[in-house]
Structures are given as C-alpha cells and as structure tokens.
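These notes concern the structure reproduced below.
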Amino acid sequence: MNKETRAILHLDLDAFFAAVEALENPALAGLPVLVGGRPEERGVVAAASYPARAFGVRSAMPMHRALQLCPQAVVLPPRHSLYRDYSRRVMDILHHATPLVEQLSVDEAFLDLTDRLTAWEEAVGIARALQARVRDEVGLSASLGVATNKLVAKVASDHDKPGGLTVVRPGEEAAFLYPLPVRVIWGIGPVTADRLAALGVTTVGELVQLPEADLRGRFGQHGAEMAQRARGIDPRPVVTEHERKSVSQERTFARDLQDGESLRRQLWRLSQGVALHLQRAGLAAGTVGIKLRYGDFETLTRQVTLDVPTDDEQVIYRAALMLLRRTWQRPRPVRLLGVSGQNLCPPTGQLTLL
Amino acid sequence: MKVSCLQENLSKGLSIVGRAVSPRSTLPVLSNVLLATEAGRLELSATNLEVGINCWIGAKVEEDGATTVPARTFIDLVNALPPEQVDMELVVQTQTLNLRAGRSEANVKGIDAQEFPLVPVPEGEGGISIEADALRTAISQVAFAAATDESRPILTGVLAKFEEDQLTLAAADGFRLSVRTIPLPQPVPDPFSIIIPARALVELGRISGEQEDPIIITITPTRNQVLFQLTDIVLVSQLIDGNFPDYRQIIPQDWMTRSVLDTAAFLKACKTALIFARDAAHITRMHVKPGSDLSPGHLVVSATSAETGDDVSELDANIEGEGVEIAFNVKYLIDLLSVIGTPQVALYTTTSSSPGVLRPVGDVDYTHVIMPMHLGR
C-alpha cells in the first residue's frame, strides 16, 4: 500500500455519560437523560441521551433551557470517575488495534492504522471489528469515521450518529465535504460562519469556490488555513502520548462587548466550558489564563497559578474574573474573550474548606 | 550630602530594607534604595508600594541631603567593601554618589530623591504595643496558611482582630485555616479588624529577629496602611480592603476521634511520607487505630506513588473515640507541625471528608484546620 496515503480512524462514543448511566441503571434506557449541573446553580448539560436530543437538547446548553425543552428529563449529576473507568476499557480495546492512539477526551480518539494495512480498504474491516468489540464487551454505542486524515475522519464519524460507520475513501474527500455546512470545518466558529454567509457561502463546496487570495485578504492566515481544510487537506499527525498542554475555550463576539455584565456572563460560560473539558479529560489545571482581544485586534493574555490545581467551574471563573478585572481597560470594546486551563495534571482530590 | 558610617552597619541596614525593593517595577525609582540624612543618622528606605521598610543607622553627617541609588548595584558594592569606615558624598548635579572605604573608591549613578514615593512615618502617640516575641511566633504560625495565588485577593491577607486585651491573627487559603490569639499588654478601647498582606507579615517576622522591645502598631488616619515600629526600623504595609470570611464558622465544634501524638515523631513520619507523596499530589493517608485497655492506640501514616514506591510509619497515639481513615496533603501537615511549638499535638477528626483540627496540647490559643483529600485516589 502507498504509505503516502494514510488511514485514520476517529471513534466517538455516543451520548457517553448518559449511556454509562443507562448501563449502570437499566431503568433509564430509552428515557430522556441529562447529565450535568443543576439548573438552580446555572449548570450546563454535559451529556444528553438520544431520547433527550429528540427534544432539541444539546450538550453545553444551560440546564434550565434544556428542562424547558424537555421537562420530563431525568437529571443526573456527573460521575466522572465512573466515566473514566468505562473510557479506559474502550481505550484498551483501541490499543489492541494499534499503539498509535490519540485520545482526545474520555469519549473520543484518533487511530492511525496506516502501518497495519496492506490495502487501504482493510481499515474498514478493522473499524467494524472495533465498533463491535466496544458494543459487545463494554456495552457502549460508538460512531466511527475512516478517512485519509483527522479532519475528514472526524467529520465522517459525526455524519451518521449514533452507531454509524462512515468511510471516506482516498480521493473522495472533496465530494464528501462539499455539500456539508461550513461549520463542519475545524476552526470555523459561528462568527466566521456568519461572515461567510454574508458572502453567500454556506457550504464547504461554496467555500472552495472562493479564491484563496480573497479568503486570505478577508481572514488573514486563518483564511489560508480555511481554504486548505475546505479541500479536505489536513496534514496533522496522530499524536500518541498525547501530552496536552492546555484546555481552552474562546469566543469571538458578533458585536464587540463594552459592558462588564456581558463580559462576566461570557467569562462564566467559557469557564464552564473549560471545566467541562477538564472533567471529560480527567484533568485539573494548575494555571488559569484569559485571552482578551480588543476591537482593534490588540491581544493580551494573562495567567495566574493556583495554589491547588482545579477542574471546578467556580474556581476557574473566579481566577478568570480576577484577571479580567486587572486587564480590561473599561470600557474599551472587546472583540474576543478566551479562558484556558494550563499546567494540566490529574485532579488532586483536595477538598475545599471555603 | 556628605556622610560617613561603618560598612558593617550600612550592610546590615541594606539587608533589612533590601527585601522591599521591587526589582522589576515599571517605575525605575522603585528599584532604588533611598539614602537620606536625618538628625545625625542615615535613613535607608525601600518600597514596592505594597510594603515599605525604613531603617536608621548611626552615621556622622557633615552635610545634609538625600538621593536614591540602584539597590542591586549598591548592595553588591557595599558588601564588597572592606569592614571600615565608608565616606559617601553626593554630586548633586549628576546625582552620582561617591564612596570611599579604605583604598577603594566607587561612583554609583542615582535618581533624584524627589522621585521616591513618600513612606509614611508614625505620628504622635496612640499606637498599640505588643510583645515582639509573641507577635513573631504568631506570624510564623499563621501567615503560611494564607493563599499565595491571587484569585481571591482577600485570602492572601492575614486577618488581625484587635479586641479588648487580645490580638487574633487568622489566615486561610481555602483548604486550611490557622488562628492564633496573643495577649495585648494594654486593652484596645474599641475592637477593630484589619487585613494585612501575608507577605508583609513574613517580612516583619524576618526583620524583627533581634527586636527585644515591644513592637508598636499604628493604623494611618486614612485606614489603608499599617505601621510596625521597631527599634530603628519601621515597616509600612498597605491593607487589603474587603471582608474576611467568618473563620469561626469553619472551625468544627464536634469531633468523633481525638488522637494525641508526639509532635516530633509525627513530623518525621510526614517528612518520610513526602518522599513518595510528592509524586502523587502530596496525598498521605492517616489510619487512626484506637487501642484497648491493655495496648496503646496507633496512627499509621502512609504514602504511595505509582512511579517511585510507598512507605508506612506506625506511631503510638493516645486515641479517644472511633477508628477513622483520612487523607491529607502532607505538605500542609509539615507546615503546621514545624511551627506548632509543643511536644504533643492533638488531631481531631470526624469523617474522612470532614475537616481535621489540630491543636498544640496545653496551648488553647492556637487552632489549625485542614481539609482532607479524597480517599478514593
């Protein structure tokens, strides 16, 4: 087999937290189940079972909103150590297929199967076998994508959820991506998508039609990268021993923000997102950072090292808010706000006194 | 300015004020030490705007004046001079300080003293007097429990509560709490509380090592600074504005198990556990095993690291109540046991997830609370 052409598999466990809860308590099977923080504590949905998703509930949605959409849902607090145990069993199965496993979070991983194959098509059989083992041995449903790179494999695994297996063979990348909305491309968030829509671009195929120089002119370096990805090109390797340096969330605002209340609200949402990521990855952050971009694109980052590493949204928010207060020149308009957790390590288990 | 003093005195004075210098300030003058003549003495002063220290040394003043010189250069230079008389003369035009000692001569470029921020000096009477030794001990027993991360600025401070004839110091970093009460020679007329940056108190502890007379505490009329007056030294600190959490609510009033231990043996077991615990978030397990009528009780201290190994130490203990297993950050225990100051320590526990209280046996004025870690890990 031509080793220039890679075979990359992406596996994503379906509604993972909710699925584990249903395995632990079979009475929950088929019910709308929401795992996450309590609505009165401004919690967010960490995972929603498929019956709950039918009501329009999505993960990262505020819990009170989710309960408006689906009032009969069963709400459960997350049990991260339990999810980690299930995750480990799944990852062990993946490691039997190849040592080249990059675990993105508790419920998601990339595999590079290239060296195991004599013909590319064999990757499909391996994917099918892995999916069956995860279902039979652990009891969890997984969606898989097989393609020639990480970008396309990840879009493929999302293509037929839950329980799907989507194969994008070498040379088929463009045809697969073009009809899809631009948001499937990694790095295109809601603000960029809106700006593209204003140019009449909603699908990947339409994005590819735009001259690269035009994209570069409008979006800078980001535009050039977008053009590459839209063509299904992604040279990023599968990285084993995935030593994550940081977890971050950032948001570009449709309109620059100038008032403290809006910024604090955004900071809280970003902090919740970072905490959720940390919890899903089974990690804690020793350092909390913020990123602040003003309307004129001046960008500042600030960080604070904590006495005890944390995966708690309140602690992350408190640190981020302190940094924002020290950094933001009120009322200078803010274009982008980000929160990050750095110096990652396993959670310490230290309980808090106050 | 033209002034002479002994190299030894100058060097000592600089070591006292030197720690208040801010080496990386946006204001260049804050990296400098102020030298000013004052009534037959030489005043040395440094500030980082949070903490300022003034110190007076004996000198022969021929001509009054003042200047500021870069602290690092000046301190290194003075420490390199022979232990003799140092003659200093300022060339005002260029703000250059000329030094002569023995057969050495040096010139240090300074910044005009006018640019140096004013460090307040105590005014009039009315300070609160406190025994230096008691204050120093209290600082060493409390300040380490303050937060070093600034995400909750209030917790980087130490609460100082003056009430009747007592001063209570309290600090908490969110995971532990330290509270010490010391007597005041004179009762205060009205109770009041201030929050002093822990860093400032640690400095005070450091520079008060030779202090024998009482230390006088004064709050500035604007109530945003506190002054500590020692013999020939004044330390000024900004106060932290805000409400300190009500620490009394945090101290558990009840307990299930009381274990009395030999402080030195407990500290040694903790230091041994640290060898392995430092690879595992400092988690150290305590297994309290009550004895019977015939045999004493035990406390088993153990730590495990997946990479380096494990250790177990068994200590004799006088135990009242039921057996319990609880895990603590061993660094917190070492911090406390190093300063507790009595031969025996009492550990009060309830469940594996409720706070542990430690008190010196025979000293009711010191209380330390540590929140445990999850046993699951």
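Derivation of every value follows stated rules applied to the coordinates shown; laboratory data play no part. Because the structure is a prediction, the values reported are computed rather than measured. In this analysis, Cβ positions are derived from the backbone assuming ideal geometry, glycine residues included, and neighbour counts consider all displayed protein chains.
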In region A:1-108, the GluC sites (Glu not before Pro) that fall in loop regions by DSSP, at most 16 other Cβ within 10 Å: A:4
Relative contact order [Cα under 8 Å, 6+ residues apart], chain A, whole percent: 15 percent
Exposure proxy ranking, count of Cβ atoms within 10 Å, fewest first, for A:306, A:300, A:283: A:300, A:283, A:306
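Show that you can apply the helix-only estimate: for the protein assembly as shown, add -39,500 (n - 2.57) for every DSSP H stretch of four or more residues, divide by all residues, and state [θ] at 222 nm to the nearest 500. Let's see the in-between values first.
Values: 19 runs with 198 residues, N = 731.
The per-residue figure over the protein assembly as shown is -8000 deg cm²/dmol.
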For chain B: relative contact order, % (alpha-carbon pairs under 8 angstrom, 6 or more apart): 12 percent
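Let me check I've understood the local charge: for residue B:183, count other residues with C-beta under 15 angstrom from its C-beta, Lys and Arg +1, Asp and Glu -1. What total comes out?
Numbers: positive: B:136, B:161, B:180; negative: B:131, B:133, B:163, B:164, B:165, B:363, B:365.
Charge balance in the 15 Å sphere: -4.
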Residue mean of other protein chain beta carbons inside 10 Å, A:342-353: 6
Net charge dipole size for the protein assembly as shown [Lys, Arg +1 and Asp, Glu -1 on Cβ; Debye, nearest 20]: 2580 debye
Acute angle (nearest 10 degrees) that the helix B:263-277 long axis makes with the longest principal axis of chain B, alpha-carbon atoms: 90 degrees
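Taking every residue in A:316-322, how many Cβ atoms of other protein chains lie within 10 Å of its Cβ, on average? Please report the intermediate quantities before stating the final value.
Working: counts 1, 1, 2, 4, 1, 1, 5.
Neighbouring Cβ atoms belonging to other protein chains average 2 per residue here.
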C-alpha center-to-center spacing [region B:207-242, region B:320-353] in angstrom: 33 Å
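In what order do A:138, A:274, A:44 fall by count of nearby beta-carbon atoms within 10 Å, going from fewest to most?
On the way: A:138 19, A:274 26, A:44 22.
By the 10 Å Cβ count, ascending, the order reads A:138, A:44, A:274.
By the scheme Lys and Arg +1, Asp and Glu -1, what is the net charge of all other residues having a beta-carbon under 12 Å from that of residue A:287? Can you show the working numbers first?
On the way: positive: A:245, A:302; negative: A:307, B:149.
Net local charge, residue A:287 excluded: 0.
Restricting the count to DSSP beta bridges whose residues both fall in region A:235-354, what percent are antiparallel, rounded to a multiple of 5?
Numbers: 26 of 26 bridges.
The antiparallel fraction comes to roughly 100 percent.
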Mean-position separation - Cα centroids, region B:32-94 and region B:158-187, in angstrom: 36 Å
Region B:84-212: relative contact order in percent, alpha carbon pairs under 8 Å with at least 6 residues between: 20 percent
Reachable aspartates and glutamates from residue A:291, criterion Cα separation under 13 angstrom, eight or more residues apart if same chain: A:250
Loop-located trypsin sites (Lys or Arg not before Pro) in region A:1-77, at most 16 other Cβ atoms within 10 Å (DSSP): A:3, A:42, A:58
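Report the net charge of residues surrounding residue B:355, where surrounding means a beta-carbon distance below 14 angstrom and charges are Lys +1, Arg +1, Asp -1, Glu -1.
Values: positive: B:176, B:248, B:359; negative: B:173, B:254.
Once all neighbours under 14 Å are counted, the net charge is +1.
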Residue B:115/residue B:248 FRET efficiency (R0 51 Å; Cβ-Cβ; nearest 0.05): 0.65
Per-residue average of Cβ from other chains inside 10 Å of B:170-182: 2
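Can you check what the Kirkwood hydrodynamic radius comes to for the protein assembly as shown, Cα pairs only, in Å to one decimal?
The answer is 30.6 Å.
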